[in-house]
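Input: a single structure, listed below in structure tokens.
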Amino acid sequence: MMTHEQIALVRKSFDRLRPLPRGAGKDFYDTLFALDPSLKSLFSTDVENQGAMFVVALGLALKGLDDDGVVDESLRELGRRHVLYGAKDVHFDTFREALLCMFAQRLGPEFTPEMAEAWRAAFDRISAVMKAAAAEARK
């Protein structure tokens with residue numbers, strides 16, 4: 001369960017990315033592929049466009065953080081689609097690490113340990129929904 005303070009930290013840091021979604025998204029994917037080059041084969045589209053889509057999807061996922069137990073269907077659909085892309089549950093850890101690295105790079109000293117912990121909690125909550133939907137899709 002995330003605290004209201006954690007949700008506020010996540011949203012505050014995310015708002016800093018909004019002016020440059022393509023740049024932030026590209027940084028995310030560059031980091032992701034540096035952490036695990038094998039993941040590059042899961043993405044066939046232009047990394048800049050994929051990065052912009054990632055930032056938009058992340059923004060939509062963050063909207064549901066206040067709603068305990070209420071999960072947007074689009075997040076479940078995203079989890080199901082990731083099965084088709086070849087994503088596995090183990091990849092979510094690498095995604096989380098790339099996300100934290102991207103924020104640290106983009107925000108510098110503003111990205112405090114508390115903010116990093118808030119993002120870990122947010123990502124774990126989002127990925128739990130996506131993993132559950134992916135598991136259903138695999139059945």
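The values are calculated or read from the model by the stated rules, or taken from the named source; none is laboratory data. All values reported here derive from a predicted model rather than from experimental measurement. With ideal geometry, Cβ positions are generated from the backbone for all residues, glycine too; neighbour counts draw on all protein chains shown. Note: areas computed on protein heavy atoms with side chains; ligands, DNA, RNA excluded. Shrake-Rupley method; radii C 1.70, N 1.55, O 1.52, S 1.80 Å.
Okay, here's what the table says:
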{"item": "First in the stretch 4-31 and farther than 26 Å from Phe43 by Cα and open to solvent by less than 80 Å² (accessible area, probe 1.4 Å), second anywhere and assigned to a helix (DSSP H, G or I) and modelled with pLDDT under 90, Cβ under 6 Å, 6 or more apart", "result": "Ile7/Leu65"}
{"item": "Any hit, the stretch 78-90, residues being under 21 Å from Ala8 (Cα atoms), buried (at least 16 other Cβ atoms within 10 Å of the Cβ) and either within 12 Å of the chain's Cα centre (by Cα) or hydroxyl-bearing (Ser, Thr, Tyr) (or both)", "result": "no"}
{"item": "Top-ranked residue in the stretch 32-55 [being in a loop (DSSP other than H, G, I, E, B) and open to solvent by less than 70 Å² (accessible area, probe 1.4 Å); ranked as farthest from Ile126 (Cα to Cα)]", "result": "Thr45"}
{"item": "Qualifying residue in the stretch 39-47 (condition: touching a helix residue (DSSP H, G or I) at 6+ places or on another chain (Cβ under 8 Å), more than 25 Å from His4 (Cβ to Cβ), modelled with pLDDT of 90 or more and not basic (Lys, Arg))", "result": "yes"}
{"item": "When residues of the stretch 91-138 are limited to those that are small (Gly, Ala, Ser) and open to solvent by 20 Å² or more (accessible area, probe 1.4 Å), the one nearest to Ala57 (Cα to Cα)", "result": "Ala128"}
